[in-house]
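Trainee: Just dropping this structure here.
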Amino acid sequence: MEISRLLTLKLLCLFIGCLAKFTTGSLFVFNVYQNAIKDTFNYTQQEVELMSSMLNMGLGIGFLPGMFFDRFGPQLTSFVGLLVSVSAYMLIWSTTRYVHFYSSNAWLMAIYFFICGLGSVFTYMVALNTNVINFNPKYSGMIVGILNAFFAGSPSIYATIYYNVFTHGDSTVTSNQDYPGFMLMFAISFAVVDILCIIFMKLYPDENPLFERFDQESSNDVVGVEEHTTIDPHHEVFNFKNGTSINSNVSPPSPAVNPLAEREMSLTEILMTFDYQILIWMIGFASAIGLVYANNITVISKSVKLDHHDNVLTIIIPITNAVVSAAVGIFSDYFKDRLPRTWILIACCVFFTLSQVLVFIFADVYGILILSLILLGIGIAILWTITPTVVKENFYVGNLGRNWGIAILLAALIGFGIQEAFGAIYDHKATGTVDQKVCYGMQCVRGGTAVVITCGGISIALGLIMQLKQRCCKRN
């Protein structure tokens, strides 16, 4: 296959991947319509938190779509995402026709949101994995950063659409909000982008250890390469089944390369690997902060009577996230030999924790609330740009879908627990209020925020342990 044609096809995959990531980013706009759901069905805050948690839990079952991608490739994975996502959003769209039934069956609504999350992660895996595998490893940070910029910026666009198209009159009045129409728009969006992925997303051979599994026709363009082999940018032939070189005239891989990235590992083996465990637990506790705060910013603003600023507050994190994502990917690629990506992750955890300390003390100050959201946006950008790159660089790329999917699952489980704790504390503080559902004052914010700050401290400690271990290994 000619180089120019191959590059064009890869760039087309990147473009479609950006559209797919933009669409899957819509999951994180739950905060703009959660009050409409709460009021429409008369749910408690804990019930609404359950729906948000189940949405994220669906996204967290990423190891299943990841393993599916590893086995069947991007096109079939996109087809499954199409079926699941469109069906789930159509179910949620239909709920307002049966308000009385769903008012007493919040668990069923939560299942619908779980299915939405699960369907979207099929699309997410196609967008991320296809492009990470297709491009040269030295550009991994940049590729992930570009994709994450679309993923991160998506909620700000969808929030703007919601407030300007699906809200009529005073946006603080939930009866003026057409959230079912918003769900219908999501169903159409996923249908369009998944069909594009089915048509255009493919794995290409020049730097791709998995291409023979999915693209037998394309593999005919590589001459003289036997089964389970491909060619790297320096024309060295590798056996990707066991990670060894079969060209005796080429020097062995650099000792700087993590040996765990050179060979395939079973599920049991990867779960028993200390480096992997410390990384995914760090990711899990850090991501819980972003999840809980981002999903509850409108709850917090209402508690401190700043909800008339919701149309601004809900777009700060996505915009910050989008801008920083692209920049930090390029930055981490350029300085990776001088500044380990681990330190960038530790900085991310510090940003997360500092943002929550500001909320704990000054949530009722509009300017400080905005600053906390900016810090959180920076943390989310770093986390979701750097960690997939770290997973790819430190563990076998052929298991990227599984390895990154497990990390997302653990993050969802931790986030589920923290989010439910936040809702329970909020409902407890709301007891005795006029309608028993809305709590006003800083005391409504501080209990749940204290739990989140604890997560931040744990994530920083785990990051330091990981960095200390890496330094000790280099000395030895």
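Trainee: Which of the residue pairs Lys138/Lys392; Lys21/Lys336; Lys302/Lys429; Lys38/Lys305; Lys10/Lys138; Lys21/Lys392 have a Cα-Cα distance greater than 20 Å in the structure shown?
Mentor: Lys21/Lys336
Trainee: Using the heavy atoms of the protein chains alone and a 1.4 angstrom probe, what is the accessible area of region 326-372 per residue in square angstrom?
Mentor: 47 Å²
Trainee: In addition: Does region 58-168 classify as rounded, prolate or oblate by the C-alpha gyration tensor (a ≥ b ≥ c root eigenvalues; a/c under 1.5 gives rounded; else a/b over b/c gives prolate, otherwise oblate)?
Mentor: Oblate.
Trainee: Continuing with this model, one more query. Bin by bin, in steps of 5 Å, what percent of the Cα pairs in region 1-137 do you find, going until the bin that has the longest distance?
Mentor: In order of increasing distance, the bins hold 2, 10, 18, 20, 15, 11, 9, 7, 4, 2, 1, 1, 0 percent.
Trainee: Just to confirm the filter: which trypsin sites (Lys or Arg not before Pro) across region 293-376 are DSSP coil and have at most 16 other Cβ within 10 angstrom of their Cβ?
Mentor: Lys305, Lys336, Arg338
Trainee: Using only protein heavy atoms and a 1.4 Å probe, report how much of Ile346 is accessible, in Å² to the nearest 10.
Mentor: 10 Å²
Trainee: For Tyr139, what accessible surface area do you get with a 1.4 Å probe? Give it in Å², rounded to 10.
Mentor: 100 Å²
Trainee: Net charge around Gly447, counting only other residues with Cβ within less than 12 Å of its Cβ (Lys, Arg = +1; Asp, Glu = -1)?
Mentor: Taking every Cβ under 12 Å from that of Gly447, the sum is +1.
Trainee: Additional query: Give the long-range amide H neighbours of Thr167: residues separated by 5 or more places, or on another chain, with amide H under 5 Å away, using H modelled in the peptide plane at 1.01 Å from N.
Mentor: Asp178
Trainee: Identify the residues of region 266-305 with backbone N under 13 Å of a label point that sits 7 angstrom from the Cα of Tyr440 along the Cα-to-Cβ direction, or state none.
Mentor: From region 266-305, the list is 302-305.
Trainee: Exactly which GluC sites (Glu not before Pro) in region 1-77 are in a DSSP loop and have at most 14 other Cβ atoms within 10 Å?
Mentor: Here the sparse-neighbourhood loop sites are Glu2.
Trainee: Quick one: accessible surface of His428, probe radius 1.4 Å, all protein chains present, in square angstrom to the nearest 10.
Mentor: 130 Å²
Trainee: Scattering from the C-alpha atoms of region 295-361 alone, worked out with Debye: what is log10 I(q)/I(0) at q = 0.20, 0.22, 0.24, 0.29 1/Å?
Mentor: -0.91, -1.00, -1.09, -1.25
The values are calculated or read from the model by the stated rules, or taken from the named source; none is laboratory data. Here the structure is a predicted model, which is why all the values come from computation and not from measurement. Cβ sites come from the backbone with ideal geometry, for glycine too, and all protein chains shown count toward neighbours. The area values use the complete protein model at the heavy-atom level, side chains included, leaving out ligands, DNA and RNA. Shrake-Rupley method; radii C 1.70, N 1.55, O 1.52, S 1.80 Å.
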